[in-house]
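The values are calculated or read from the model by the stated rules, or taken from the named source; none is laboratory data. Remember, predicted model here, so these are calculated numbers, not experimental data. All Cβ positions, even for glycine, are placed from backbone atoms using ideal geometry, and neighbour counts span all protein chains on display.
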Amino acid sequence: MSRFMAGQFTDPIGFSTELAYTFIVVVLCFLVYYKTREIYDLTGYKGIKYFRNAFLFFGLAYASRLFLYTLLISKIAFDFILPMRILFPISNLLVAYLSTMALLYLAYSTLWKRINFEHFLHLSNIIALIVAGLAFVSRSPALVSMIQLLMLLFIIILILAKKHKKGKKILPMKAVYLLISLFWLINLFVLGPGRLIPFELKVTLQIISVLVFFIIYYKVTKWIK
């Protein structure tokens, strides 16, 4: 990720589109987190609680990337020295930890009725820390992407296998989960091993990703009406 971001910063257009994309995703993540608070307060449904936490961690993962971009801009604008050799690995660690936590919460939001695991938070933190440690030591975004891809495939299988009772307000969640999985798959392709894809294709995928997120946000807002 360090070589990718450093190279990307030499391309103003590429960096600007990445910055704008990251900012939009951060805003949408926290909007979804905020909007789902009302339905959780009304229903007390635990699945919504874990679902909200997934978006909180998604948002924090992208916010950490946004913070790094801000530091890079400040470095150029104010011409001060930053220990980039330290900051990039730390950024990799944070993104790996937070995004893994998001995926684990997303998975548990579909599993909590069948597996009411008391120590989920502790176990998920251990798993996320292991993935983050691998990201820090290996400095390989491809390794983290492969781990998260396997997690996503597991989540998709859970979603497709999950049966909802008719008449429940939670029924539309299966479509939302699939949309989230699609969003994350696109991002693994754009930011992971496929990051050397042509600029035009990358921008197209980012636009699709944002549109998917807007659909997710629209569906979530419909729950509370």
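Computed quantities for the displayed model
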| item | result |
| --- | --- |
| Per-region count, the stretch 7-41, residues assigned to a helix (DSSP H, G or I), modelled with pLDDT under 75 and surrounded by fewer than 16 Cβ atoms within 10 Å (Cβ to Cβ) | 3 |
| Every pair of residues 6+ apart whose Cβ atoms lie under 6 Å, when the first sits in the stretch 121-144 and is surrounded by 15 or more Cβ atoms within 10 Å (Cβ to Cβ) while the second is among the small types (Gly, Ala, Ser) | Val131/Ala96; Ala132/Ala96; Ala135/Ala96; Pro141/Gly192; Val144/Ala96; Val144/Ala135 |
| So Leu104, is it under 17 Å from Ile180 (Cβ atoms) and touching a residue at least 12 places away in the same chain (Cβ under 8 Å) | yes |
| Any hit, the stretch 51-63, residues being at pLDDT 85 or above and surrounded by fewer than 16 Cβ atoms within 10 Å (Cβ to Cβ) | no |
| Count of residues meeting criterion [surrounded by 15 or more Cβ atoms within 10 Å (Cβ to Cβ) and either modelled with pLDDT of 80 or more or over 21 Å from Trp184 (Cβ atoms) (or both)] in the stretch 145-168 | 8 |
